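Let me begin by presenting the structure, written as structure tokens, before commenting on it.
The values are calculated or read from the model by the stated rules, or taken from the named source; none is laboratory data. Since the structure is predicted, the reported quantities are computational estimates derived from the model, not experimental observations. Every residue, glycine among them, receives a Cβ derived from its backbone with ideal geometry; neighbour counts consider all protein chains shown.
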Amino acid sequence: MDSLTALKSRTVVLPIRDIDTDQIIPARFLTTTTRDGLGAALFHDLRYDQDGGQRRDFPLNDPANRDCAILVAGNNFGCGSSREHAPWALLDYGIRAVIATEFADIFRNNSLKNGLLPIIVDAVTHAWLVANPGVELHVDVLASQLTLPGGRVVDYPIDAFARYCLTQGIDQLGYLRQQADAIAKFEEARPWKP
Amino acid sequence: MAVSDAKTLFEKVWAEHVVVPETADTPAVLYIDLHLIHEVTTPQAFALLRERRLAVRRPDLTLATMDHSTPTTPVSSFRDLAVVGEGAANQIRQMEENCREFGIELYGFGSEQRGIVHVIGPELGASQPGKTIVCGDSHTSTHGAFGALAFGIGTTEVGHVLATQCLLQRKPKSLAVDVGGRLPAGVTAKDVILAIIGRIGVDGGTGHVIEYRGEAIRALDMEGRMTICNMSIEAGARAGLIGPDETTFEYLAGRPRVPRADAWDAAVRRWRALCSDEDARFDRTVSIDATTLQPMVTFGTNPGMVVGVNDPVPEAHDASFRKALDYMKVTPGKPMSENRVDVVFVGSCTNGRLSDLKEAAGILAGRKVADGVRMLVVPGSQQVKRRAEELGLHRIFTEAGAEWRESGCSMCLGMNGDTVASGQLSVSTSNRNFEGRQGIGARTVLASPATAAASAVLGRVADPRKLT
Ligand code: SF4
């Protein structure tokens, strides 16, 4: 996993609530056995009409937004299926952080394990970001802070361990494998066996 | 017992599986008793194991099947499988290879026990009270019906469990959903869970484990309880569970993977202690009166957008809501029964078990699927299929004009080729009515098997109580 310590980017705004992982990447693109190349399928049915033409009103289709690495989305982003293909597709497309007032649990977990940063902000900050698409934001991942244009600083919550792994580019399997002795002892000592 | 000692069921199961406690800096290391795997969310995890030269720590606690991208068209031989596309075929092949190489038992093609992962776990008796159960699939919450702590994980975490049999987890909060009173006739477990999601919202359970309690829950059989726990994720919850009782033990007795003889008696004694203590505190509690419930249907594009089948669709109150109504082409102020139906799907891990098929067959017996309606009945497992055929249910379905299929996820997520065409309205017993879930442009109405069958007969979204 690539480390992420700071991020500076303009925002692209998708002001819809409850965007589920089926919308982030539809199931028919899940017959892959790798994690690569999924950016092409990101938001597929929102981005393209049924003849494959780009939908003009979809914010990601605006060429001016192609380099935006920060996505501002509505509440409860990433609900639904546990498919990790959702963060893989966002990352492959070039998104490194998503801002919302709330994320679905599994999506949030999956994102943090892949170097995609879910940023939870209060409703007022969120409403301002939605009303001002394309502003440049500065994210200090080490400090868990977001700086808005004009200098207002917003703290956001993130699990300490997840932040450590994200900023160091550490994947958690290594850490887990270091617990091998404790795991073996647990298996030995438990009163019943599964 | 001092108040501070009182524990919820969830806390008891959690505490029994903590290998290393959590701290401010690090999450808990949580032991996993059963790891269910399927072909779609595992190939990248196995690739990681190979890359790092790691073995599967406990193949004996890992159970594999193929369900998501597999065809459900009737086949005379497994060689003739009409797998949709090279991608799906490759996934199926890789699953077989991965299981062979890493020593995992696979209920694959040719296995009498193959089926949707959340249907076969219980059928095999592998889903048991007090276990921690995970799967790279959000509907793993289904197994919570047995009093297990069961939740969905991503593919990276599938790799963690394969390699270490553990996960790094922060302890979720607890939410009690109390469903008091008795359900009126004609109202089913599916209606209860849809009503619950409608009440607390699709993010109402975020960060929480739900415990379903109360008289109406106790009165449900295991299949109904599975339907309830299955859709916990649709309320955003991490997991959903129900305290085990005689109904649970009776269901499990004699199944292939449960303990035998003295070990069974010991297990049941241990399981009986798995209930929330009387003074246990939940972080939140929601109460619902079962006596007021009616058959429920969704009208929008998430499972929280739900109304009684005869009630008017609410007016839009914001842009996201309006977008959903536009997509669904439904009229606010009018009941869903105004809408004509093109497709009816009975199946999935929510409602693809034997009692669900019986419920649908009860409505269809001696009746016909309306002209212009396509109805698909897809059993949740090969075992459900066999039992249904022994009871002659398949004949009721086919004589009514419905299609009878092999088991699988099928039209629940439409990745195996079973899809709803653009613009068509589908009444489905599955769990997600997201835009495009059943096919590009498909409009999905979630409902119980009885409501789905009644809608097939009447050709419009229908109250099943009219046909009994
Ligand atoms: S039936 Fe549907 S919800 Fe259940 S496991 Fe299959 S795809 Fe997922």
TODO: Answer yes if at least one residue in region B:245-257 is loosely packed, with under 14 Cβ neighbours inside 10 Å, in contact (Cβ under 8 Å) with a residue 60 or more places away in the chain and under 23 Å from the mean Cα position of the chain (by Cα), and no otherwise.
DONE: yes
TODO: For A:VAL130, indicate whether it is surrounded by fewer than 22 Cβ atoms within 10 Å (Cβ to Cβ), over 11 Å from the mean Cα position of the chain (by Cα) and not small (Gly, Ala, Ser).
DONE: yes
Open item on the list: Against the condition more than 16 Å from the ligand (Cβ to nearest atom), buried (at least 16 other Cβ atoms within 10 Å of the Cβ), touching a residue at least 60 places away in the same chain (Cβ under 8 Å) and basic (Lys, Arg), how does B:ARG374 come out, does it pass?
Closed with: no
- [ ] Could you tell me whether B:ARG387 is over 30 Å from A:ALA41 (Cα atoms), more than 15 Å from the ligand (Cβ to nearest atom), out of contact with any strand residue (DSSP E or B) (no Cβ under 8 Å at 6 or more places or on another chain) and more than 14 Å from chain A (Cβ to nearest Cβ)?
- [x] yes
Task: Evaluation of B:LEU357 against (1) under 24 Å from B:ARG437 (Cβ atoms); (2) buried (at least 17 other Cβ atoms within 10 Å of the Cβ); (3) within 14 Å of another protein chain (Cβ to nearest Cβ) (one fails), failing number - done: (3)
TODO: Take region A:138-194 and flag every residue that is hydroxyl-bearing (Ser, Thr, Tyr) and at positive phi.
DONE: A:SER144
Open item on the list: Regarding region B:312-327, can at least one residue be identified that is among the hydroxyl-bearing types (Ser, Thr, Tyr) and either farther than 29 Å from B:GLY408 by Cα or more than 16 Å from the ligand (Cβ to nearest atom) (or both)?
Closed with: yes
- [ ] Would you please name the residue that is farthest from the ligand (Cβ to nearest atom), looking only at residues in region B:413-433 that are over 16 Å from B:CYS349 (Cβ atoms) and not polar (S, T, N, Q)?
- [x] B:GLY423
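One line per residue, one yes/no per condition, for (1) out of contact with any Pro (no Cβ under 6 Å at 6 or more places or on another chain); (2) among the charged types (D, E, K, R):
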{"position": "A:ALA27", "(1), (2)": "yes, no"}
{"position": "A:THR33", "(1), (2)": "no, no"}
{"position": "A:HIS44", "(1), (2)": "no, no"}
{"position": "A:GLN54", "(1), (2)": "yes, no"}
{"position": "A:ALA64", "(1), (2)": "yes, no"}
{"position": "A:GLU84", "(1), (2)": "yes, yes"}
{"position": "A:PHE107", "(1), (2)": "yes, no"}
{"position": "A:GLY115", "(1), (2)": "yes, no"}
{"position": "A:VAL121", "(1), (2)": "yes, no"}
Task: Residue, farthest from the other protein chains (Cβ to nearest Cβ), within region A:7-65, restricted to residues that are assigned to a strand (DSSP E or B) and crowded, with 18+ Cβ neighbours inside 10 Å - done: A:SER9
TODO: Kindly list the number of the only condition in (1) out of contact with any strand residue (DSSP E or B) (no Cβ under 9 Å at 6 or more places or on another chain); (2) modelled with pLDDT of 95 or more; (3) among the small types (Gly, Ala, Ser) that fails for B:SER428.
DONE: (1)
TODO: State the number of residues belonging to region A:135-194 that are surrounded by 13 or more Cβ atoms within 10 Å (Cβ to Cβ), touching a residue at least 24 places away in the same chain (Cβ under 8 Å) and part of a helix (DSSP H, G or I).
DONE: 5
Open item on the list: Suppose the filter is within 14 Å of A:VAL13 (Cα to Cα) and either touching a helix residue (DSSP H, G or I) at 6+ places or on another chain (Cβ under 7 Å) or touching a residue at least 60 places away in the same chain (Cβ under 8 Å) (or both); does A:PRO118 pass it?
Closed with: no
Open item on the list: Looking at B:VAL177 and the list (1) more than 11 Å from every other protein chain (Cβ to nearest Cβ); (2) over 30 Å from B:PRO59 (Cα atoms); (3) not in a strand (DSSP E or B), which single condition is not satisfied?
Closed with: (3)
Task: From B:THR70, B:THR26, residue being more than 9 Å from every other protein chain (Cβ to nearest Cβ), crowded, with 16+ Cβ neighbours inside 10 Å and of a type outside the set (Gly, Ala, Ser) - done: B:THR70
Task: Residue ID - farthest from the other protein chains (Cβ to nearest Cβ), chosen from residues in region A:89-102 that are free of Cβ contacts under 8 Å to residues at least 60 places away in the same chain and either of a type in the set (Ser, Thr, Tyr) or surrounded by 24 or more Cβ atoms within 10 Å (Cβ to Cβ) (or both) - done: A:TYR93
Open item on the list: Anything in region A:42-101 that is touching an Asp or Glu at 6+ places or on another chain (Cβ under 7 Å) and within 16 Å of the ligand (Cβ to nearest atom)? List them, or say none.
Closed with: A:CYS79, A:GLY80, A:SER81, A:SER82
- [ ] Have a look at B:ARG53, B:ARG57 and point out the one that is at positive phi and either within 11 Å of chain A (Cβ to nearest Cβ) or assigned to a loop (DSSP other than H, G, I, E, B) (or both).
- [x] B:ARG53
TODO: Determine which single condition B:ASP356 fails, assuming it passes every other condition in (1) part of a helix (DSSP H, G or I); (2) more than 15 Å from the ligand (Cβ to nearest atom); (3) more than 11 Å from B:ALA402 (Cβ to Cβ).
DONE: (2)
- [ ] Scan region B:128-142 for residues that are in a helix (DSSP H, G or I) and touching a helix residue (DSSP H, G or I) at 6+ places or on another chain (Cβ under 6 Å) and jot them down.
- [x] B:SER138, B:HIS139, B:SER141, B:THR142
Open item on the list: I need every pair where a residue in region B:193-222 that is surrounded by fewer than 19 Cβ atoms within 10 Å (Cβ to Cβ) has its Cβ under 6 Å from the Cβ of a residue that is part of a strand (DSSP E or B) and not aliphatic (A, V, I, L, M), sequence separation at least 6 or different chains.
Closed with: B:GLY207/B:LYS173; B:GLY214/B:ASP178; B:GLY214/B:GLY180; B:GLU215/B:GLY180
TODO: Within region A:90-104, count every residue that is touching a Pro at 6+ places or on another chain (Cβ under 8 Å) and not aliphatic (A, V, I, L, M).
DONE: 1
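Results for (1) crowded, with 24+ Cβ neighbours inside 10 Å; (2) under 21 Å from A:GLY78 (Cα atoms); (3) modelled with pLDDT under 95, shown as yes or no for each residue.
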residue	(1), (2), (3)
B:GLY144	yes, no, no
B:GLY147	yes, no, no
B:ALA150	yes, yes, no
B:THR155	yes, yes, no
B:LEU168	yes, yes, no
B:LYS171	no, yes, no
Task: Pairs, first touching a residue at least 60 places away in the same chain (Cβ under 8 Å) and part of a loop (DSSP other than H, G, I, E, B) in region B:449-468, second among the hydroxyl-bearing types (Ser, Thr, Tyr) and surrounded by 24 or more Cβ atoms within 10 Å (Cβ to Cβ), C-beta under 6 Å, six or more apart - done: B:VAL461/B:SER455; B:ALA462/B:SER455
